[in-house]
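The values are calculated or read from the model by the stated rules, or taken from the named source; none is laboratory data. Keep in mind that what you see is a predicted model, and the values were worked out from it rather than measured. Positions of Cβ are backbone-derived with ideal geometry, glycine not excepted, and every protein chain shown enters the neighbour counts.
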Amino acid sequence: MQETLGPGRILIAVYAVFAVSASARSVYQLVLEFEQAPIAYSLSFVAALVYVLATLFLAKPRLRRYAKYAIGFEAIGVLAVGALSLLTPDWFNHPSVWSGFGIGYGFVPLILPLVGFVWLRKINA
């Protein structure tokens, strides 16, 4: 269980914060503001689900083998949504978690999957 100490706990905590914050934000936006930016708000909801799954998979050693898939999806999502938000800004009249490569979150969404992959490799998951 040593792999859950130190950097692993910090990584899981950051994913948990993103899971809670992205979930709360996206549910609020989908329920009350969906018509204003349906694409951005739907993508924020997808991001929230990915963060919830990544948190669960990273935190539970028996599920950790699935974490690389959640983190891989996250990395592809951040890159795809980030590029789309720059190429087609009219689709993103309101920002999503991953728009602008996570600029609204200090680019943490762009960096987080890289850190996740490094940690998984370090613990051989």
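Observations on the model:
- Checklist (1) in contact with a Pro (Cβ under 9 Å, 6 or more places away or on another chain); (2) among the aromatic types (Phe, Trp, Tyr); (3) farther than 14 Å from residue 115 by Cβ applied to residue 41, failing item: (1)
- Cross-chain or 6+ apart pairs with Cβ under 6 Å, the stretch 1-22 first and under 27 Å from residue 99 (Cα atoms) and of a type in the set (Val, Ile, Thr), then at pLDDT 95 or above and in a helix (DSSP H, G or I): 12/58; 12/59
- Residue match in the stretch 49-61 (condition: among the basic types (Lys, Arg), assigned to a helix (DSSP H, G or I) and more than 24 Å from residue 30 (Cβ to Cβ)): no
- Filtered residues of the stretch 79-110 (kept if farther than 15 Å from residue 18 by Cα, among the small types (Gly, Ala, Ser) and surrounded by fewer than 17 Cβ atoms within 10 Å (Cβ to Cβ)): 80, 83
- The residue that is farthest from residue 48 (Cα to Cα), counting only those in the stretch 87-122 that are part of a loop (DSSP other than H, G, I, E, B) and free of Cβ contacts under 8 Å to residues at least 40 places away in the same chain, is 88.
- The lone exception for residue 76 - which of (1) in a helix (DSSP H, G or I); (2) surrounded by 14 or more Cβ atoms within 10 Å (Cβ to Cβ); (3) among the β-branched types (Val, Ile, Thr) it fails: (2)
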